[in-house]
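The next block holds one structure in the form of C-alpha cells; read it before the comments.
The values are calculated or read from the model by the stated rules, or taken from the named source; none is laboratory data. In this text the structure is predicted, and so the values were computed from the model without any measurement. Glycine gets a Cβ as well: all are built from the backbone with ideal geometry, and neighbour counts include every protein chain shown.
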C-alpha cells in the first residue's frame, strides 16, 4: 500500500445506526463535539505518559505532550492534533469503523428503546469521535502509533456509509483530526468560538491546549490537589474564573470523600446575595466534572435547590454518565452525592459559626433566606439547618444573634419549652401584650421577624427534647409564680357576668371570653385556639380575601382600670359600652397583627370620640 493508494471500507451496520443517532439526536448541544475530541486527545496523551513512565520503547519519546488546534476561517476547517499513542491500521478499523466491544448490539437496542441502565461508563463505546460529524461534512484522521516500527495512515469519511484508509509516510507520533465543516458550522473555524468552547468545557484538561499557537487552558484544576498545597491567591483566582466574579469568595470548602464514590469538591460562598436585591432567582452555581472535563454546567440536582447560591465544582472519575456525557446516569447515586456534599457544607457552616461567630453573623445577614428555605422544605437536612438559624431574643442586645442551642443552654431548671413570638420588628414585639407574662417571669423568648420562621418551628415541633411553643398560643403552662400585680380583680360573680355580657355583645366575633392569667399591663388580648397568629397572618397574606379569620378567644385582664370602667358603664350607658367593647376586641386584634378592615373601626372611633367630647 502506498501513500496514493487507499482502500475503501464499509462501516459496520451498527456504526451506521450509531452515526445517525449521534448526528441527529444524541447530543443536546452541537458544540460538545469539540469537548469529545479534546477528551479523546487527552486520553491518548495519558496513555503515552503511562507508557513513558513504565519505560516502554516508544516512537519519538521526546515529543511534547500537548493538544494543538488550528482554525482556518478561509477554508472552513478545524484540526485537532495530539502527540499521544496514535493508532495502527487495525486500530483504525476497530475503533472508527466498527463497534468491536462486547455488548454493542445491546447498547444500540438500549438507545432505540430509550433505556439507559446499561450505559454506565463514558467512552465505553467510543461514541465521542462520531460527534465530529455533527459539525463536519468530512473528517480526515492522520495517525501513527507509538510503536517504533509503526506505519502512518490517513483515515477519511463523510460519515454516510464508507471510509477509506491509506498509508501515509513520515507522520509524527499521535493523531491529527481535520474537520471540513458543514455550511452551517463555519463558526467552528473561528478562533474566538473555539477558544470559548474550550474554556467552557475543557479548561482543566491536564495537558496544554493551544489554539493557533496560543495556550488557552491557563487555570489549573486545583480541586484535585491537596488543599495544604494551594495558596489563598490560587483559590481566589480560580473562584473569579469559575464564577465570572471580580471579588474574593466569602467562604470556601475544599474536601474529598470516598463514599458513595470518590469525589473531589471545591465550593465557594460568594460575598453577596443578589436575590435580596430583586435580581431574580439565582441559577445553580455548581458544575459537575468527570476526569476534569465539564459534564454539566449549573447542575440542578447535585445540590438542593436552596443551595443555589453556592459556586463550585464537584468532580469524580466514577460518575455514571449517559452515553452523551451530558447527564448523570444513576439518579439514586446522584441523590447520595447530594446528601454527602450537603452534609459536609452544613458541617462546615456550623464549624464556622462556632470558630468565627462574627464571620458567620455576616454570612447569616446576607444568606439567611436560603437556609430558612431549606429548613422549611428539606426534611432530610432540617435538623442541622435549624442549628444554623439565628434570632434575637428578649434577653439579647438588639444587634446580638442567638441560636436554638444557645437558648437551650440558658434554660433554667424545670423549663421544658422553647418560646418564640413573631412580629415585624423588635420594637413591635417588645410592646406586645403577649410578652407581659414572660417579662414578669423573666422567661426568655426568641423573636422571629419572618413568618417562615414560625412555619419551620411548626414543622420541627421539638428541638433538643424541648417543645417549641409560640408565646401567643392559647394554652400556655408557664413555669413559676403567677403574674405579680397589686390591682384588685373583679369578684368572681362580676367577672362571670361581665364575660357573658362581652360574649353577647361580640357574638360570633369571639369563640370565648375568659379571664387572663398572663396579662399585666394590657386590658385584653385575643388568642387563636388552633395556631399562632403569625401563621394566621401568613395565611391571610397568601390567600387574602379567601382565607376566613376564625373567631378567637378574648382574654381580659380583670385587674385593669379599663375593664373595671367598662364593667360599670354597661349598666349606665349600654350603647357606649357596646362601642367600647367592640373597640376593645379590635385593639386586641391589632396587637395580634391581624389584618382588619379599617372602615368600620374608623366610624366607631369617631362615634366614641364624639361621645367622649360630649361627656367632657
- Task: Mind listing whichever residues of segment 588-616 are part of a helix (DSSP H, G or I) and crowded, with 18+ Cβ neighbours inside 10 Å?
- Result: 588, 589, 591
- Message: Given (1) more than 29 Å from residue 193 (Cβ to Cβ); (2) touching a helix residue (DSSP H, G or I) at 6+ places or on another chain (Cβ under 8 Å); (3) part of a helix (DSSP H, G or I), identify the lone condition not met by residue 16.
- Response: (2)
- Message: If I filter segment 369-392 for residues that are over 27 Å from residue 281 (Cβ atoms) and not in a helix (DSSP H, G or I), do I get at least one hit?
- Response: yes
- Query: Conditions: (1) in contact with a strand residue (DSSP E or B) (Cβ under 6 Å, 6 or more places away or on another chain); (2) modelled with pLDDT under 95; (3) closer than 21 Å to residue 220 by Cβ. Residue 293 meets all but one. Number of the miss?
  - Reply: (1)
- Would you call residue 276 in the same structural domain as residue 338 (by TED's automatic domain parsing), touching a helix residue (DSSP H, G or I) at 6+ places or on another chain (Cβ under 9 Å) and assigned to a helix (DSSP H, G or I)? yes
- Tell me which of these residue 462 doesn't satisfy, since it passes every other one: (1) farther than 28 Å from residue 365 by Cα; (2) surrounded by fewer than 20 Cβ atoms within 10 Å (Cβ to Cβ). (1)
- Query: Does residue 513 meet the test of being outside any helix (DSSP H, G or I) and in the same structural domain as residue 533 (by TED's automatic domain parsing)?
  - Reply: yes
